[in-house]
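Rule-based calculations on the coordinates, nothing more; no lab input. Please read these numbers as outputs of a predicted model, since none were measured by experiment. Backbone-built Cβ (ideal geometry, glycine too); neighbour counts: all protein chains shown.
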Amino acid sequence: MTLYSVSVLLLLLAASQAQPVPGPEENHLPQEDDIVDISEKILASNNNSATFLMEGDLLPPKNRNAMKCAYQSCLWPKGSDGLVTIAYTISGEFDWHETSVITSALKDFEDKTCIRFVPRRYESDYISIESQNGCFSALGRQGGRQTLSLQKYGCVYKGIGIHELNHALGFQHEQTRSDRDQYVQINWNNMDQAMAYNFFKYDTNNLNTPYDYGSIMHYGKTAFSINGRDTISPLTNTFVEIGQRKELSSWDIKRINMLYSCTNY
């Protein structure tokens, strides 16, 4: 073998083993196969938030009763075409990958319900998706510009985006619904008592649907735990998974379609 051939082979070997150096943005790209559930991510991101949040990630209502708002006065209007069109903006502080994750969460509703998220043009009521200190949303339509925060470092995951958008549609957490005591046990001793208000029940309209352990709106078993032990224990199936992080459950989809009277889904 000639010296030239050996040199070529060495160059090819070096090229095959070379690894690209990640750019500054790639170091914090969210990984969808992360095993940590949504509630753990949200609560960790909101831990030092200066904003008062109910249930961990809900902005308190400005002038409405949060317990009734979700199912009465705070729905987004439906057009004559049968679609619920909601305008949104995405802050320019998000990079291209983060923006693609957010738009993927928006599109998840469009594929399965009559909800349509559209870029804002002139609409006075709209959702402003920003990177503030934590992951949070208002409950239902508030009127005017309403903030939905997905902090760049910790909140930009498709599952968290879907979770917060579903709050904006008017849905509370599954474990706070009025009949939850038939399905889960709240272990008050495993949480800071100053945080106990996050587990209060609400007078919710459950739309005559069953309790859904698999809802993307259900927090995980150790949410707000101070000792690593469960704060939420399923009663009917102790091994059931709660706090899933990927997508709207089948019951989440049905409830959106029921609440907004989506007839063709």
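So if I take the alpha carbon set of region 87-224, get Rg, then get Rh from the Kirkwood formula, what is the Rg over Rh ratio? Please list the in-between numbers first.
Details: Rg = 16.2 Å, Rh = 16.3 Å.
Result for region 87-224 is an Rg/Rh of 0.99.
Please compute the volume of the convex hull spanned by the alpha-carbon atoms of region 119-183 and report it per residue in Å³.
Details: hull volume 6.4 nm³, N = 65.
Value for region 119-183: 99 Å³ per residue.
Given the C-alpha atoms of region 169-265, compute the convex hull and give its volume per residue in Å³.
Output value, Cα hull per residue: 105 Å³.
Express in nm, to one decimal, how much length is gained between residue 196 and residue 239 on full extension, taking 0.36 nm for each residue of separation and deducting their alpha carbon distance. Don't skip to the answer; put the middle values down first.
Working: separation 43, 0.36 × 43 = 15.48 nm, distance 2.43 nm.
Result for the pair: 13.1 nm of gain on full extension.
Using amide H atoms built 1.01 Å from N in the peptide plane, name the residues 5+ places from residue 87, or on other chains, whose amide H lies under 5 Å from its own.
118, 127
Charges only on Cβ, +1 for Lys and Arg, -1 for Asp and Glu: so what's the dipole of region 70-146 about the Cα centre, in debye to the nearest 20?
Roughly 320 debye for region 70-146.
Rank 147, 183, 205 by how far each Cα sits towards the positive end of the charge dipole of region 137-234 (+1 on Lys, Arg Cβ; -1 on Asp, Glu Cβ) and give me just the farthest.
Of the options given, the answer is 147.
Output the peptides 78-85, 195-202 sorted from most to least packed, where packing is the average of other Cβ atoms within 10 Å over each peptide's residues.
Values: 78-85: 13.0, 195-202: 15.5.
Ranked from most to least packed, the peptides come out as 195-202, 78-85.
Of the listed pairs 78/201; 78/221; 152/254; 221/254; 152/201; 78/112, which have alpha-carbon separations greater than 27 Å here?
Checking Cα-Cα distances, 78/201; 78/221; 152/254; 152/201 exceed 27 Å.
With labels modelled as points extended 7 Å from the Cα through the Cβ direction, what inter-label distance (nm, one decimal) is found for residue 188 paired with residue 208?
Each label point is offset 7 Å from its Cα along the Cβ direction, giving 3.4 nm.
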